[in-house]
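These notes are about the structure you will find just below.
The values are calculated or read from the model by the stated rules, or taken from the named source; none is laboratory data. As the structure is a computational prediction, the values presented were derived from the model and not from experiment. Cβ placement follows ideal geometry from the backbone for every residue including glycine, while neighbour counts extend to all protein chains displayed.
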Amino acid sequence: MSVAVVTDSAAALPPELADRDAVTVVPMWLTVGGEAEVEGARALEELVDEEGVTTSAPTPGEFEQAIKDRLRASDGVVVLTIAASMSATYHAARLAGEAVGGPVRVVDTATAGGAEALVVLAAAQAAARGETLDVVERTARVVIERVRLVATLPTLDHLVRSGRVPGLAGWAGNRLGINPLFEFRRGKVRRLRPALSRDAALDRMVGMVQRSRVPDARLHAAALHALAPDTGAELLRRVRDTDDSPDAFLGGFGPVMVVHTGPGLAGLAWWWETPA
């Protein structure tokens, strides 16, 4: 059996990795100045200063077309989406899967960004090994239970404007030089104890990876950034310094996340693969 993997652009999967593992990416949508455009139509740098940018899910029809395209050369398709708690994407993909029928599985990854990408890559690599549809889906679900995503922001300004945190919290964070830290896991955002500097925030994130280490397990990680490539590269270096041979890559947060958080977002996604 050959199995294909489809995901959405909220995974911010680097194009070279999507090409390597034959993953189809269905783009999310942005509305900028009242006009709709697909995510990736223009550079992130052009979007961060735009006012009133909103995001929306791909349509069921777009997922249906992607699924049908892959079924022409595959025996089954696994669709992996951004957390249903964040977006209508999962619902759109479910409708598409039901419309197509047959060997199609739609899975809510309960995460986003690099963590979603790690789930997608694990499933795609299982598919590349010739695993069955059941095994590819099960592989994704195992990683969903294990993967973690932690991120830090230099300022809460964008979140304050979006109404996602009280204005006073944003003011205090900016005035005191505090770097907020958040974890997004199992569909929920959890606020962590803030760090007193960007460097301390990076230390905290790498420390969380180290403390979660599983004996004899292999580390899979993604160092992530939003218009902060030096910070992302530093995170990747620190991760590699803590493990002998991690499967790790540097990636960017996509516009779907960054329009709500602002530039400077940096994070780590990771999971530990235990021996079979």
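Here are the numbers:
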{"item": "Within the stretch 4-96, strands (runs of 3 or more DSSP E) holding 3 or more residues that are of a type outside the set (A, V, I, L, M)", "result": "54-56"}
{"item": "Verdict on Ala110 being small (Gly, Ala, Ser), in a strand (DSSP E or B), touching a residue at least 40 places away in the same chain (Cβ under 8 Å) and crowded, with 23+ Cβ neighbours inside 10 Å", "result": "no"}
{"item": "The listed residue being in the same structural domain as Ala18 (by TED's automatic domain parsing), small (Gly, Ala, Ser) and under 25 Å from Leu149 (Cα atoms), out of Ala99, Ala57, Ala36, Ala41", "result": "Ala57"}
{"item": "Among (1) crowded, with 18+ Cβ neighbours inside 10 Å; (2) over 22 Å from Val142 (Cα atoms) - the single one Leu219 does not satisfy", "result": "(2)"}
{"item": "Test for Leu47: is it touching a helix residue (DSSP H, G or I) at 6+ places or on another chain (Cβ under 6 Å), touching a residue at least 40 places away in the same chain (Cβ under 8 Å) and not small (Gly, Ala, Ser)", "result": "yes"}
{"item": "Residues satisfying the stated conditions in the stretch 93-107, i.e. modelled with pLDDT of 95 or more and surrounded by fewer than 24 Cβ atoms within 10 Å (Cβ to Cβ)", "result": "Arg94, Leu95, Gly97, Glu98, Ala99, Val100, Pro103, Arg105, Val106, Val107"}
{"item": "Matching option when the condition is closer than 30 Å to Val135 by Cα and surrounded by 18 or more Cβ atoms within 10 Å (Cβ to Cβ), among Val48, Val23", "result": "Val23"}
